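Asker: Below is one structure. I have some questions about it.
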Amino acid sequence: MAAVAATAAPKGNGGGGGRAGPSEGSGTRRKKGPGPLATAYLVIYNVVMTAGWLVIAVGLVRAYLAKGSYHSLYYSIEKPLKFFQTGALLEILHCAIGIVPSSVVLTSFQVMSRVFLIWAVTHSVKEVQTEDSVLLFVTAWTITEIIRYSFYTFSLLNHLPYLIKWARYTLFIVLYPMGVSGELLTIYAALPFVRQAGLYSISLPNKYNFSFDYYAFLILIMISYIPLFPQLYFHMIHQRRKVLCHTEEHKKFE
Amino acid sequence: MVEILDAKTREKLCFLDKVEPQATIAEIKNLFTKTHPQWYPARQSLRLDPKGKSLKDEDVLQKLPVGTTATLYFRDLGAQISWVTVFLTEYAGPLFIYLLFYFRVPFIYGHKYDFTSSRHSVVHLACICHSFHYVKRLLETLFVHRFSHGTMPLRNIFKNCTYYWGFAAWMAYYINHPLYTPPTYGAQQVKLALAIFVICQLGNFSIHMALRDLRPAGSKTRKIPYPTKNPFTWLFLLVSCPNYTYEVGSWIGFAIMTQCLPVALFSLVGFTQMTIWAKGKHRSYLKEFRDYPPLRMPIVPFLL
C-alpha cells in the first residue's frame, strides 16, 4: 500500500507551481502556486530527497556487487532508508501549511503507511530484515521515489522532461504490484515473531482497561490491502490516460 | 415558466409552463416529482448555475435573478433518509449493544462468565449512565429537536451507525469484562466523575431545550441563542455551542468514572468532530448576525 499510495500522490510537493501542471485527482487547476520562497524551499526539499533515494539506489547496487548476492542487502542501506523515508513526514506539513496543493489526509495516509513499514515492521522485527521481500519493496520504493521527487523538482522549475512524466505514470504499473507484494510478504514473515514476543501488545487486566493485539492488527492491515490496492492502482491508470493522452494532444498542436 | 435541465448533461428534463411567480422552490420540486416520481423532492438539488449552490426550498421564484423563463439545473442528491430515522437508529444501537455486554451474553467472554454479573459497583453505575445517556438522546430526537433539514444522504446511516455502534461495543467490552480493573482512586473518583456526568447531562439537556424554544414549531428560523434563567444556559455567554461542550464533558466524566482508555479515545474523537461542527456553526453565526457577541468561542471557553 505504501508503494502504491506514494506514487498516487496527487499534486504533492509543489508539482503545480504557477502553471497548469499535470492535473491529478479531480483535475482542478490552482491559479496561485506557492510563493517564491516556498518554491525555493520545495525545490531544495525535492532535490535533497531525489539525492537521498539515489544514495539508497547506489548503496543497493554497490552492496550487491560487493556481496555477489541480493540477500540481506537491507543492512547496507538501513540508515539512509530510515532517514529519507521518515523525512517524508515533512510532506504532511507542506500540505497542512498550503505550499503543496494536496490533501493532508491522503498524504498522511501515504507517508504513515511507509513509515509504519520501516519502523513498526522491518525495524521492530529484526528477524525479517534478512527476508528477500524487504529488498522487493525497498527496490520498488527507491525507483518510485527517485522518479517522483525529480518529477516534482522539474515541475517546480517549469522544465519537466517528457521522459520523467512518462516514467512516473508508466513504471508504476510494475512497481506498484512489486512494492505491495514486498510489503505483504514482509508483514506476513513478521507475524510469528510478533506472536512469540507479544510485540507491542497489551493484555488484560491492567489499570487502563485496554488491550491491543499487534498480531491481529497486522492481519487487519494485510486485509485492508484488498480493497485499497485496486482502488489506488486503477486511479493511477486513470490518471495515466488523462495525463499522457493530454500531452499527446498538446504535441499535435505544436 | 420554468425549465429544468440536468446539471451534468444539460438535457431538458422538464418544462413547467403554469408556474406562478410567487411559487417557492419547494412547490417547483413537487411539480418536478410529478413527471419524475423517482426523484422525490428531498433528493432534488435545484440551482441557477450547474456548479452553483443549491436553492433553498423557501426561495421564491420571482425573487430570483431569472427572466420570464427560469432555467434551473437539477442534481440528484441520491437516496435520502430522514434525520429522525438516522438518529433513532444510531442511538438505539449503543443502548442495546452495551446491554449485551453488561449482561455478558454468550460468545463474548469465556463460557464460564455467561450471564454472570460484575462484582464492581462502578460497572453497574456505568451501565446506568450509558443507558441513561442514550435514552435521553432518543427521547430528545422524538420530542425536543427541531431539524432544519428533513433528510440526509442514505450512506450516512451506515457511516454513523458504524461509528456509534462500533465504539459502544468496544467500550462495553472492556467495562463489562470479567478482568475489569476499577478506578485507581476508588469511590472518590467515581463520585467526582458521576457529578461531572450528571451536571453535563443536565447542561446538555438545558441547551437543547433553549435551542428548541428559539425556534417555533414547523419553522426554520434562526436566531442568536442567549442565556436564559436556567444557570446551565449561562455557558452561552462563553461558547456558541454549549451543547457540544456539555457533551464532551459528559464523556470525560464517563471516562474518569470507568478509567477505561477506549472511553477516553471515544471522547477525543467525539471532541474532534464536535469542534469541527462548532467552528462551522460559529462561522455561520458570525456571517449571519452582525451583532454576534464577540466574547464567544465555538466550543471551549476562551480557547477553541
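Asker: Rounded to a whole number, what % of the accessible area of the range A:138-180 do carbon and sulfur atoms account for, probe 1.4 Å?
Answerer: 80
Asker: If you average the alpha carbon positions of the range B:6-69 and of the range A:51-108, how far apart do those two centres end up, in angstrom?
Answerer: Their Cα centres are 54 Å away from one another.
Asker: Hey, another quick one. Residue farthest toward the positive end of the dipole of the range B:1-128, with Cβ of Lys/Arg at +1 and Asp/Glu at -1: which of B:V105, B:L77, B:P65?
Answerer: B:V105
Asker: What list of ³J(HN,Hα) couplings, whole Hz, do you get for the range A:227-235 from phi and the Karplus terms 6.51, -1.76, 1.60, once you set θ to phi - 60° and write x for glycine and proline?
Answerer: x, 6, 4, x, 4, 5, 4, 6, 4
Asker: How much of B:D114 can a 1.4 Å solvent probe reach, expressed as accessible area in Å² and rounded to 10?
Answerer: 40
Asker: Further question on the same structure: Considering amide H positions built from the backbone, and no H for Pro or chain starts, which residues 5 or more places from B:L13, or on another chain, come under 5 Å of its amide H?
Answerer: B:I4, B:L5, B:D6
Asker: Still on this model: If you keep only loop residues by DSSP, which chymotrypsin sites (Phe, Trp or Tyr not before Pro) in the range B:129-172 have at most 15 other Cβ atoms within 10 Å of their Cβ? Walk me through the intermediate numbers first.
Answerer: Working: sites: B:F132, B:Y134, B:F143, B:F147, B:F158, B:Y163, B:Y164, B:W165, B:F167, B:W170; in loops: B:F147.
Listed in order of number, the matching sites are B:F147.
Asker: Here is a further query. Out of B:S117, B:S284, B:S240, any idea which swings most in a Gaussian network model of chain B, alpha carbons joined below 10 Å?
Answerer: Of the options given, B:S284 has the highest mean-square fluctuation.
Asker: Using Cα positions and a limit of under 15 Å, work out the aspartates and glutamates in reach of B:K53, with same-chain residues fewer than 8 apart set aside.
Answerer: Answer for B:K53, where 15 Å is the Cα cut-off: B:D6, B:D76, listed by chain and number.
Asker: May I ask for the Rg/Rh ratio of the protein assembly as shown, computed from Cα atoms with Rh as the Kirkwood radius, given to two decimals? If you can, show how the numbers build up before the last one.
Answerer: Values: Rg = 28.8 Å, Rh = 28.2 Å.
Ratio of gyration radius to Kirkwood radius: 1.02.
Asker: Right, another one. Under the rule that an exposed site lies in a DSSP loop and has at most 11 other Cβ atoms within 10 Å, name the longest stretch of chain B with no GluC sites (Glu not before Pro) of that kind, not counting the sites themselves.
Answerer: On the way: sites that count: B:E11, B:E58.
Longest gap between qualifying sites, sites excluded: B:59-304.
Asker: Please report, for the Cα atoms of the range B:92-160, the Rg to one decimal and the Dmax as a whole number; what are they, in angstrom?
Answerer: 16.3, 50
Asker: Using alpha carbon centroids, what distance separates the range B:145-212 and the range A:173-197, in Å?
Answerer: First find each Cα centre; the distance between them is then 39 Å.
Asker: Taking chain B as a Gaussian network, where each spring joins two C-alpha atoms under 10 Å apart, which residue of B:L31, B:L265, B:L46 fluctuates the most?
Answerer: Evaluated over chain B, the most mobile residue of the options is B:L31.
Asker: Still on this structure, please answer the following. Looking only at other chains, what is the average number of their beta-carbon atoms within 10 angstrom of each beta-carbon in B:262-274?
Answerer: Per residue, the average neighbour count from other chains is 1.
Asker: Continuing with the same structure: Just reorder B:V135, A:V111 by solvent-accessible area, largest first, 1.4 Å probe, all chains present.
Answerer: Values: B:V135 60, A:V111 10 Å².
Descending order: B:V135, A:V111.
Asker: Carbon-plus-sulfur fraction of the accessible area of chain B, 1.4 Å probe, in percent?
Answerer: Values: 10750 of 16450 Å².
Carbon and sulfur atoms account for 65 percent of the accessible area of chain B.
Asker: Between B:L268 and A:C245, take the C-beta separation as r, use R0 = 60 Å, and let me know the FRET efficiency to the nearest 0.05. Show your work: numbers first, answer last.
Answerer: Values: r = 46 Å, r/R0 = 0.77.
Efficiency, rounded to the nearest 0.05: 0.85.
Asker: Nearest 100 Å² is fine: how much accessible area is buried between B and A, summed over both sides, with a 1.4 Å probe? Walk me through the numbers before you get to the answer.
Answerer: Details: alone 16870 and 12920 Å², together 28900 Å².
Chains B and A together bury approximately 900 Å².
Asker: Which ³J(HN,Hα) values in Hz, rounded to whole numbers, follow from the phi angles of the range B:119-126 under the Karplus curve 6.51 cos²θ - 1.76 cosθ + 1.60, where θ = phi - 60° and Gly and Pro get x?
Answerer: 8, 9, 5, 4, 5, 5, 4, 4
Asker: Here is a further query. Taking 0.36 nm per residue of separation and subtracting the Cα-Cα distance, what length does fully extending B:K53 through B:I157 add? Walk me through the numbers before you get to the answer.
Answerer: Working: separation 104, 0.36 × 104 = 37.44 nm, distance 2.42 nm.
Residue separation times 0.36 nm, minus the Cα-Cα distance, leaves 35.0 nm.
Asker: Please go through the residue pairs B:K8/B:K51; B:K159/B:K223; A:K82/A:K165; B:K51/B:K223 and name each one whose alpha carbons sit more than 20 Å apart in this structure. Present the calculation step by step, with values, prior to reporting the outcome.
Answerer: Working: B:K8/B:K51 9 Å; B:K159/B:K223 31 Å; A:K82/A:K165 27 Å; B:K51/B:K223 30 Å.
Table pairs above 20 Å Cα-Cα are B:K159/B:K223; A:K82/A:K165; B:K51/B:K223.
The values are calculated or read from the model by the stated rules, or taken from the named source; none is laboratory data. Keep in mind that this is a model prediction, so the values were computed, not measured. In this analysis, Cβ positions are derived from the backbone assuming ideal geometry, glycine residues included, and neighbour counts consider all displayed protein chains. Heavy atoms of the whole protein, side chains included, go into the accessibility calculation; ligands, DNA and RNA do not. Shrake-Rupley method; radii C 1.70, N 1.55, O 1.52, S 1.80 Å.
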